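Before any comments, here is the structure.
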Amino acid sequence: MVLFDHNGPMLQSWFSLFSVLLFSPQLYAESPQRAFMEQFQSSRISFPAEDSPLLGDSPGRYPEPLNFIMTNLISWIPTGEPKLMSSGCAPEVWAARMQDTRVQKSAQLQGALVQKYFQDCRSELETGDNGSLVNLRRMMTMKYDPQGHPFLRRVVVNLPGNVKLKGLLGLKGDMKRRPLVIVRLGIFSNVEDFKPERAWLMMLFEQSPFNVLMLENMSSPDFVANNSRFSFGGYDEGIQNILVARLLQDPIEPLSQMVDSVHVFGISLGGHGVLYSSLLNKYNSPKRGPLINSFTALCPVVNLRSTMQSLTHSGVKSAFVDLWSRQRLKGLEQKIPSLVTYDNFAFLSKAISEIARTYHGGLSYVKAVNLPPGQEDSIHFWDLNDFWRHYKQVEEPVMIYATEQDPAVPYDLNAQMLLNKDLKVDSKNIRVVELPQGMHCTLPIPYDWSALTSLFQSYILSHSPNFKMTEQKLEMDLSDEEWTGFFDSGSRVKFEVEEPGKKQGFVTVGLEVENAKGKTKSMSLSLPLSQFDFRFFNKDMTGSEQEMIVRWLNQNLKVRIDQSKGKALLVASWPVAL
């Protein structure tokens, strides 16, 4: 970053111009797909115009040269192609167990099941990509164009206290009631240039039957630019999560007609708010049932103060974190004037202390949000964010995934304290899944992408009791002379999804059928897009939609040979929402 800064304004200007020409959202014309989404606009959930100041560039986003390198020079496109696994380790087998009625009632049982899966099937689940640099690079360089994706639309959620919270709304294009997952981004992340969280959006929206609302972290440069007050941490974000969940289920909100249930999924610092909102959920749910049905936290901050101290008092690591924080929090000194001056490598430390010192209570706290008994909104920042003494007898499940290697949110200061019961919590609804591979939850790199997607999906589905799915099926008779005798000793089928054409209404899947003698035959299927779990309104498909279909089929398509009726049938099936 410093190297690019010293090259002068000319290089920055060149990269900025190139970026605008290639990636500016203004170049994406309004489409029927996006028009479908705008019918859900309201005074509290708005869809800003592309020229709105809220969408304009703000200080603190990724530097253009770095963005260009990660997006174009070293990027890669995840396909979600599953590994071939043994029958005992097949993701669909463990996903079905997760939804077993005997297991789904207990977060402890579900978490134990996930832990057992990673232990028993470790050799098949792990990819071998275990190096820290490989994990970091691949997690940060997934090629994705969320602003140009027709199924995604930027929104602004207007909350009490004149707080404007930017989000990215993903809708499948139909009017079916589906589980809606609120995704809270990690430190400094906003919906304009989020990087490490792209995998979770692909898994939860593109490959699963859910609609998604991704929300920026309060520490993001866009939140700093668009709001007069600033804070961070679980207390404020937990209150926001409750307010947003209420909005999504308020009958006067147009979007509420699409919501079957609400689930919250948070990453890193965003996970701290997920944990607090799981506590608030107990005191803010209506009589008919939980306001939020389930919670997932990936490598979450559990102890905010200890984690911040670790980031700012750890030698060389802290120096790097401080330089990066100065880049990402440009403009914060306008909200906190005392930040104009600070000691060398002490920007973040001073920013944190000033936020705590000048805190005036929850930015969006209103009396309609019920706090736990014994807790009151106040000026005591650290006390409010240390909420665990109030955490008692919470029912809705919280699943925590944590990696042992975590320089950003040290495992021993956070999730491990819950696992080892060093942090006393009077509730059985939280389960920690401890993983040996990955660095700060770069899970899609060292572990099988498809298996992770299946686990996240089945967990949310197990806590969406009113949501139902059905199976679409295509059968092909293989009893003609060409196939005579081929299936006498059994067979298996592998498939490869071809990216659909921009104007095609179908997608081609190449099949390789292998019998027990090792002989193979190849064929192909054409599957209609109209029968998938999305509704396509645009005349031509964009690259984002083409990549989405490949990922969705790799996750959801199942192909097998059925000989139960006395003849060989090729059966292709996939789930869709009812």
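The values are calculated or read from the model by the stated rules, or taken from the named source; none is laboratory data. Computed from a prediction, not measured in an experiment: that's the story for all the values here. A quick note on method: Cβ atoms are made from the backbone with ideal geometry, for glycine too, and the neighbour counts reach across all protein chains shown. What goes into the accessible areas is simple: the full protein's heavy atoms, side chains included, and nothing from ligands, DNA or RNA. Shrake-Rupley method; radii C 1.70, N 1.55, O 1.52, S 1.80 Å.
Every residue, every condition in (1) aromatic (Phe, Trp, Tyr); (2) under 23 Å from Ser294 (Cβ atoms), yes or no:
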residue	(1), (2)
Gln334	no, no
Val369	no, yes
Tyr391	yes, yes
Ala408	no, no
Lys421	no, yes
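Out of curiosity, is Lys503 more than 27 Å from the chain's Cα centre (by Cα) and either open to solvent by 80 Å² or more (accessible area, probe 1.4 Å) or in contact (Cβ under 8 Å) with a residue 24 or more places away in the chain (or both)? Here the answer is yes, as Lys503 does meet what is asked. Scan the stretch 132-165 for residues that are in contact with a Lys or Arg (Cβ under 7 Å, 6 or more places away or on another chain), farther than 27 Å from Gln405 by Cα and surrounded by fewer than 20 Cβ atoms within 10 Å (Cβ to Cβ) and the total you get is 2.
Filtered by the rule that a residue be in contact (Cβ under 8 Å) with a residue 12 or more places away in the chain and open to solvent by 30 Å² or more (accessible area, probe 1.4 Å), the stretch 379-388 gives Ile379, His380, Trp382, Asp386.
Residues in the stretch 166-174: is at least one open to solvent by 60 Å² or more (accessible area, probe 1.4 Å), among the aliphatic types (A, V, I, L, M) and either touching a residue at least 40 places away in the same chain (Cβ under 8 Å) or closer than 30 Å to Lys494 by Cα (or both)? No, that holds for no residue. The single condition among (1) free of Cβ contacts under 8 Å to residues at least 40 places away in the same chain; (2) touching a Lys or Arg at 6+ places or on another chain (Cβ under 7 Å); (3) hydrophobic (A, V, I, L, M, F, W, C) that Ala107 does not meet is (1). Of all residues in the stretch 299-311, those being on the phi < 0 side of the Ramachandran plot and either in a loop (DSSP other than H, G, I, E, B) or open to solvent by less than 30 Å² (accessible area, probe 1.4 Å) (or both) number 9. Of everything listed in (1) under 22 Å from Met37 (Cβ atoms); (2) of a type in the set (Ser, Thr, Tyr); (3) in contact (Cβ under 8 Å) with a residue 60 or more places away in the chain, the single unmet condition for Ser530 is (3). Scanning the stretch 55-67 for residues being out of contact with any Ser or Thr (no Cβ under 6 Å at 6 or more places or on another chain) and either open to solvent by 40 Å² or more (accessible area, probe 1.4 Å) or assigned by the TED database to the domain that holds Gly186 (or both) gives a total of 3. Looking only at the stretch 411-421, which residues are surrounded by fewer than 18 Cβ atoms within 10 Å (Cβ to Cβ) and in a loop (DSSP other than H, G, I, E, B)? Correct list: Asn420, Lys421. If the condition is being open to solvent by less than 30 Å² (accessible area, probe 1.4 Å), touching a strand residue (DSSP E or B) at 6+ places or on another chain (Cβ under 8 Å) and assigned to a loop (DSSP other than H, G, I, E, B), then the stretch 512-543 contributes Phe532, Asp533.
Note on the stretch 356-377: residues that are closer than 18 Å to Gln240 by Cβ, of a type in the set (Gly, Ala, Ser) and at pLDDT 95 or above amount to 3. If I ask for residues that are of a type in the set (D, E, K, R) and either open to solvent by 20 Å² or more (accessible area, probe 1.4 Å) or touching an Asp or Glu at 6+ places or on another chain (Cβ under 6 Å) (or both), which ones from the stretch 425-484 would you list? Listed by number, the residues that qualify are Asp426, Lys428, Arg431, Glu434, Lys468, Glu471, Lys473, Glu475, Asp477, Asp480, Glu481, Glu482.
So which residues in the stretch 175-193 are hydroxyl-bearing (Ser, Thr, Tyr) and open to solvent by 10 Å² or more (accessible area, probe 1.4 Å)? Result: no residue meets the conditions. Among the residues of the stretch 80-90, some residue qualifies, meaning at least one is buried (at least 16 other Cβ atoms within 10 Å of the Cβ), touching a residue at least 24 places away in the same chain (Cβ under 8 Å) and within 28 Å of Asp193 (Cβ to Cβ). Hey, could you check the stretch 316-356 for residues that are of a type in the set (Val, Ile, Thr) and closer than 19 Å to Gly233 by Cα and say which is surrounded by the fewest Cβ atoms within 10 Å (Cβ to Cβ)? Here the residue is Ile336. Listed by first and then second residue, the pairs with beta-carbon distance under 7 Å, at least 6 apart or on different chains, first residue in the stretch 555-574 and within 27 Å of Ser208 (Cβ to Cβ), second among the β-branched types (Val, Ile, Thr) and not in a strand (DSSP E or B), are Gln555/Thr453. Restrict the check to the stretch 265-276 and report whether at least one residue is modelled with pLDDT under 95, touching a helix residue (DSSP H, G or I) at 6+ places or on another chain (Cβ under 9 Å), within 27 Å of Leu418 (Cα to Cα) and open to solvent by 10 Å² or more (accessible area, probe 1.4 Å). Within the stretch 265-276 (the criterion being modelled with pLDDT under 95, touching a helix residue (DSSP H, G or I) at 6+ places or on another chain (Cβ under 9 Å), within 27 Å of Leu418 (Cα to Cα) and open to solvent by 10 Å² or more (accessible area, probe 1.4 Å)), the answer is no, since none of the residues qualifies.
Yes/no per residue for (1) open to solvent by less than 10 Å² (accessible area, probe 1.4 Å); (2) within 16 Å of Asp57 (Cα to Cα); (3) under 9 Å from the mean Cα position of the chain (by Cα):
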{"site": "Lys195", "(1), (2), (3)": "yes, no, no"}
{"site": "Gln207", "(1), (2), (3)": "yes, no, no"}
{"site": "Asn217", "(1), (2), (3)": "yes, no, no"}
{"site": "Pro221", "(1), (2), (3)": "yes, yes, no"}
{"site": "Phe230", "(1), (2), (3)": "no, no, no"}
